[in-house]
Amino acid sequence: MIETAGRQIKRYHVSTLDTEIEETIQRAAYAFLPRLLPELDETPPVAFTVLHRAKEAAYLNAYTWVWDNVLECHTAAAGMPFLGCDDTDPANFKELPKPWIGCVWELPPLEHERAAWVRHMLAPDIPRLSAYLTDVSAEGMVGG
(Lines give C-alpha, C1' and ligand atoms only; values in the text may rest on other atoms or scores of the structure.)
Protein backbone atom coordinates (compact mmCIF):
# COMPACT_ATOMS: atom_id res chain seq x y z
CA MET A 1 0.00 0.00 0.00
CA ILE A 2 1.12 3.56 -0.66
CA GLU A 3 -0.19 7.00 0.23
CA THR A 4 -0.45 9.68 -2.42
CA ALA A 5 -2.60 12.74 -3.08
CA GLY A 6 -4.28 12.35 0.31
CA ARG A 7 -5.33 8.74 -0.33
CA GLN A 8 -4.33 5.29 0.85
CA ILE A 9 -3.91 3.13 -2.22
CA LYS A 10 -3.84 -0.64 -2.51
CA ARG A 11 -1.62 -1.89 -5.35
CA TYR A 12 -1.97 -4.90 -7.61
CA HIS A 13 0.56 -6.00 -10.22
CA VAL A 14 -0.16 -8.10 -13.30
CA SER A 15 2.58 -9.27 -15.65
CA THR A 16 2.29 -11.38 -18.76
CA LEU A 17 6.09 -11.76 -18.72
CA ASP A 18 6.08 -14.17 -15.74
CA THR A 19 8.38 -11.83 -13.80
CA GLU A 20 8.17 -8.90 -11.41
CA ILE A 21 7.45 -5.52 -13.00
CA GLU A 22 10.68 -3.55 -13.41
CA GLU A 23 11.39 -0.97 -10.70
CA THR A 24 11.73 1.80 -13.30
CA ILE A 25 8.21 1.12 -14.54
CA GLN A 26 6.82 0.90 -11.00
CA ARG A 27 8.43 4.21 -10.03
CA ALA A 28 7.18 5.93 -13.21
CA ALA A 29 3.66 4.55 -12.76
CA TYR A 30 3.30 5.64 -9.14
CA ALA A 31 4.81 9.05 -9.90
CA PHE A 32 2.14 9.45 -12.62
CA LEU A 33 -0.68 8.14 -10.41
CA PRO A 34 -1.81 11.47 -8.85
CA ARG A 35 -2.89 12.62 -12.33
CA LEU A 36 -5.40 9.76 -12.42
CA LEU A 37 -7.07 10.47 -9.07
CA PRO A 38 -10.23 12.60 -8.77
CA GLU A 39 -10.75 15.29 -6.19
CA LEU A 40 -11.50 14.10 -2.68
CA ASP A 41 -15.13 13.90 -1.60
CA GLU A 42 -16.89 12.71 1.56
CA THR A 43 -15.97 9.07 0.85
CA PRO A 44 -13.04 7.64 2.82
CA PRO A 45 -9.92 8.56 0.78
CA VAL A 46 -8.94 5.18 -0.61
CA ALA A 47 -8.28 3.74 -4.04
CA PHE A 48 -6.64 0.74 -5.66
CA THR A 49 -4.50 0.39 -8.74
CA VAL A 50 -3.66 -2.31 -11.22
CA LEU A 51 -0.26 -1.98 -12.86
CA HIS A 52 -0.01 -4.33 -15.84
CA ARG A 53 3.25 -5.12 -17.60
CA ALA A 54 2.71 -6.59 -21.06
CA LYS A 55 5.39 -7.61 -23.56
CA GLU A 56 5.79 -4.18 -25.14
CA ALA A 57 3.90 -1.79 -22.87
CA ALA A 58 2.65 -1.02 -19.38
CA TYR A 59 -0.80 0.02 -18.21
CA LEU A 60 -1.92 1.72 -15.01
CA ASN A 61 -5.56 1.64 -13.93
CA ALA A 62 -6.63 3.74 -10.96
CA TYR A 63 -9.93 2.91 -9.28
CA THR A 64 -11.10 5.40 -6.66
CA TRP A 65 -14.06 5.01 -4.34
CA VAL A 66 -16.33 8.08 -4.62
CA TRP A 67 -19.87 8.96 -3.64
CA ASP A 68 -19.75 6.22 -0.96
CA ASN A 69 -20.30 3.23 -3.28
CA VAL A 70 -19.10 4.17 -6.78
CA LEU A 71 -15.78 3.38 -8.46
CA GLU A 72 -14.26 6.10 -10.62
CA CYS A 73 -11.70 4.77 -13.08
CA HIS A 74 -8.90 6.57 -14.93
CA THR A 75 -6.27 4.76 -16.96
CA ALA A 76 -2.85 5.38 -18.45
CA ALA A 77 -0.57 3.53 -20.82
CA ALA A 78 3.13 3.63 -21.62
CA GLY A 79 4.98 2.28 -24.64
CA MET A 80 1.98 1.79 -26.94
CA PRO A 81 1.86 4.49 -29.66
CA PHE A 82 -1.27 2.85 -31.07
CA LEU A 83 -3.10 4.10 -27.96
CA GLY A 84 -1.65 7.60 -28.20
CA CYS A 85 1.54 7.11 -26.18
CA ASP A 86 4.37 9.43 -27.15
CA ASP A 87 6.87 6.62 -27.75
CA THR A 88 7.63 2.95 -27.06
CA ASP A 89 9.09 3.56 -23.60
CA PRO A 90 7.09 1.40 -21.12
CA ALA A 91 7.86 3.92 -18.36
CA ASN A 92 6.54 7.03 -20.16
CA PHE A 93 2.90 7.05 -19.07
CA LYS A 94 0.12 9.03 -20.70
CA GLU A 95 -3.52 9.20 -19.60
CA LEU A 96 -5.91 7.36 -21.92
CA PRO A 97 -9.09 9.12 -23.02
CA LYS A 98 -10.83 5.79 -23.65
CA PRO A 99 -13.67 4.74 -21.30
CA TRP A 100 -12.00 1.37 -20.67
CA ILE A 101 -11.91 -0.17 -17.19
CA GLY A 102 -9.28 -2.83 -17.87
CA CYS A 103 -8.43 -5.87 -19.94
CA VAL A 104 -9.35 -9.40 -18.93
CA TRP A 105 -6.04 -9.84 -17.02
CA GLU A 106 -6.60 -6.64 -15.02
CA LEU A 107 -10.17 -7.34 -13.84
CA PRO A 108 -9.77 -9.93 -11.03
CA PRO A 109 -8.85 -7.27 -8.43
CA LEU A 110 -12.12 -5.47 -9.24
CA GLU A 111 -14.10 -8.53 -8.22
CA HIS A 112 -12.22 -8.77 -4.95
CA GLU A 113 -12.29 -5.04 -4.18
CA ARG A 114 -16.03 -4.75 -4.78
CA ALA A 115 -16.70 -7.59 -2.36
CA ALA A 116 -14.24 -6.18 0.20
CA TRP A 117 -15.86 -2.71 0.02
CA VAL A 118 -19.30 -4.18 0.67
CA ARG A 119 -18.01 -6.52 3.40
CA HIS A 120 -16.09 -3.87 5.35
CA MET A 121 -17.59 -0.49 4.44
CA LEU A 122 -21.25 -0.90 3.46
CA ALA A 123 -22.62 -3.99 5.26
CA PRO A 124 -21.47 -3.27 8.85
CA ASP A 125 -23.28 -0.76 11.02
CA ILE A 126 -19.93 0.99 11.49
CA PRO A 127 -17.58 0.97 8.47
CA ARG A 128 -14.24 -0.76 9.09
CA LEU A 129 -11.73 1.11 6.92
CA SER A 130 -8.67 -0.59 8.43
CA ALA A 131 -10.19 -4.00 7.66
CA TYR A 132 -10.87 -2.94 4.07
CA LEU A 133 -7.29 -1.72 3.62
CA THR A 134 -5.80 -5.02 4.79
CA ASP A 135 -8.20 -7.17 2.73
CA VAL A 136 -6.29 -7.78 -0.51
CA SER A 137 -6.68 -10.30 -3.29
CA ALA A 138 -4.35 -13.28 -3.24
CA GLU A 139 -1.22 -12.97 -5.34
CA GLY A 140 -0.63 -15.32 -8.21
CA MET A 141 -1.70 -16.04 -11.75
CA VAL A 142 -5.15 -14.93 -12.88
CA GLY A 143 -7.34 -16.42 -15.57
CA GLY A 144 -6.79 -19.90 -16.85
Can you find, within segment 1-24, the residue that is surrounded by the fewest Cβ atoms within 10 Å (Cβ to Cβ) among those that are under 26 Å from residue 135 (Cβ atoms) and among the acidic types (Asp, Glu)?
3
Cβ pairs under 8 Å, 6+ apart or interchain, first in segment 17-40 and over 14 Å from residue 4 (Cα atoms) and free of Cβ contacts under 8 Å to residues at least 12 places away in the same chain, second open to solvent by 70 Å² or more (accessible area, probe 1.4 Å) and not in a helix (DSSP H, G or I), ordered by first then second residue, are 20/13
Among (1) more than 28 Å from residue 126 (Cβ to Cβ); (2) part of a strand (DSSP E or B); (3) open to solvent by less than 20 Å² (accessible area, probe 1.4 Å), which single condition is residue 65 missing?
(1)
Selection from segment 30-50 of residues that are exposed (fewer than 15 other Cβ atoms within 10 Å of the Cβ) and under 12 Å from the mean Cα position of the chain (by Cα)
34
Name the residues in segment 41-63 that are touching an Asp or Glu at 6+ places or on another chain (Cβ under 7 Å) and among the β-branched types (Val, Ile, Thr), would you?
43, 50
Within segment 90-144, the count of residues that are part of a helix (DSSP H, G or I) and under 24 Å from residue 24 (Cα atoms) comes to 1
Exactly one of 53, 27 is in contact with a helix residue (DSSP H, G or I) (Cβ under 9 Å, 6 or more places away or on another chain), modelled with pLDDT of 95 or more and open to solvent by 10 Å² or more (accessible area, probe 1.4 Å), and that residue is 53
Restricting to segment 72-114, name every residue that is of a type in the set (A, V, I, L, M, F, W, C), open to solvent by 60 Å² or more (accessible area, probe 1.4 Å) and closer than 29 Å to residue 42 by Cβ.
100, 101
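For (1) over 13 Å from the mean Cα position of the chain (by Cα); (2) under 22 Å from residue 56 (Cα atoms); (3) aliphatic (A, V, I, L, M); (4) at pLDDT below 95, each residue gets a yes or a no:
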{"residue": "81", "(1), (2), (3), (4)": "yes, yes, no, no"}
{"residue": "98", "(1), (2), (3), (4)": "yes, yes, no, yes"}
{"residue": "103", "(1), (2), (3), (4)": "no, yes, no, yes"}
{"residue": "107", "(1), (2), (3), (4)": "no, yes, yes, yes"}
{"residue": "117", "(1), (2), (3), (4)": "yes, no, no, no"}
{"residue": "128", "(1), (2), (3), (4)": "yes, no, no, no"}
{"residue": "133", "(1), (2), (3), (4)": "yes, no, yes, no"}
{"residue": "139", "(1), (2), (3), (4)": "yes, no, no, yes"}
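The values are calculated or read from the model by the stated rules, or taken from the named source; none is laboratory data. These numbers come from a predicted model, not from an experiment. Don't worry about glycine lacking a Cβ; one is built from the backbone with ideal geometry, like all the others, and counts go over all protein chains shown. Keep in mind that these areas ignore ligands, DNA and RNA; they rest on the heavy atoms of the full protein, side chains included. Shrake-Rupley method; radii C 1.70, N 1.55, O 1.52, S 1.80 Å.
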